[in-house]
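These notes are about the structure you will find just below.
The values are calculated or read from the model by the stated rules, or taken from the named source; none is laboratory data. The model shown is predicted, which means the values in this text are computed figures rather than measured ones. Here the Cβ positions follow ideal geometry from the backbone for every residue, glycine too, while neighbour counts run over all protein chains shown. Surface accessibility is based on the protein's heavy atoms, side chains included, excluding ligands, DNA and RNA. Shrake-Rupley method; radii C 1.70, N 1.55, O 1.52, S 1.80 Å.
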Amino acid sequence: MKKSGNDYDGLFDGLNRGKDSFKMTITPEKAAKMLEWNNNNRPMYSATYINYARQMSDNKWRETGIPLIFDPRGLADGQHRLKAIVLSGKTYTFTINVTEDEDIHMYLDNGLRRSGIDSLRQALRNQSLKNRHLSVLKTMLAGRFCGTQNYRSSIELKELFEKYGTSVVFATELLGNKTDLTVLGCFARACLNLPESTILAFAEAWKKGENRPIAIFRNFMSQLTDRRIPTKREIYKRFYFTLRAFMDNSETVENPSYWNDSFVLL
């Protein structure tokens, strides 16, 4: 049974409750007890706390000073972090804010949240990075299955951009900003695996549009009406084999049902 009440039934015993804000080390057991007071919150989103737990398990979570908030009716903010502590088995120290304001939830999350590209620019000290670069990185990471990469945390994206950013920027500049994202993701992978001379020659042929496999592929792209996952997978496959045909100096493009992508991340 979930609980409520201003005294929180000894939840904060042994701590300096003379202040509205204090630090507390939260073990998985303590987090579970705190969640017993989670009786007046928004619904929990499993994708969110599973993502947090994954970051904690990988030691990529850091306490930033954003508090856990309790109001007179119970836990007002922090349920996903607490659930992630329970799932990951990790222990973290958080700031705890206890307020008498029953309407505090109306004022939470009203600020301008940093976007992924905001965090990446700050972390890498590079204000020239664009949302396009981040999108290409995600499609590159997704590979031929084209699954979403939106679960990636800012620290993960920073580390991945440090590893693959050169390829991402190189591919984007070679084929142009207006090129389809799935195409750029596949091409960025190819940039990791193929000789630079091959990559530059293909980019030149891409711009001219005179190569038959490239012309066929572009005609295919011009007829598409959506970018759902199955469509993205078809784009990736066809571009992959268009590039292969170019490398083989062939005018015939393979289009097998089953195939393995040899443009792996290094």
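The figures follow:
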read-out: Tally of residues being hydroxyl-bearing (Ser, Thr, Tyr) and farther than 19 Å from Asp261 by Cβ across the range 196-248; value: 3
read-out: Scan of the range 190-222 for residues that are in contact with a Lys or Arg (Cβ under 9 Å, 6 or more places away or on another chain), in a helix (DSSP H, G or I) and not hydrophobic (A, V, I, L, M, F, W, C), ordered by number; value: Pro213
read-out: Filter result for the condition that a residue is closer than 16 Å to Leu243 by Cβ, out of contact with any Ser or Thr (no Cβ under 8 Å at 6 or more places or on another chain) and either at pLDDT 95 or above or acidic (Asp, Glu) (or both), over Leu141, Leu184, Leu200, Leu134; value: Leu200
read-out: Of all residues making up the range 17-50, the number that are surrounded by 15 or more Cβ atoms within 10 Å (Cβ to Cβ) and touching a Lys or Arg at 6+ places or on another chain (Cβ under 6 Å); value: 4
read-out: Of the criteria (1) aliphatic (A, V, I, L, M); (2) touching a Pro at 6+ places or on another chain (Cβ under 8 Å); (3) open to solvent by 60 Å² or more (accessible area, probe 1.4 Å), which one Ile96 fails; value: (3)
read-out: Answer residue from the range 151-183, given it is among the polar types (S, T, N, Q) and open to solvent by 40 Å² or more (accessible area, probe 1.4 Å) and is farthest from the chain's Cα centre (by Cα) among those; value: Asn177
read-out: Residue in the range 224-236 that is within 19 Å of Lys178 (Cα to Cα), open to solvent by less than 90 Å² (accessible area, probe 1.4 Å), among the aromatic types (Phe, Trp, Tyr) and under 27 Å from the mean Cα position of the chain (by Cα) present; value: yes
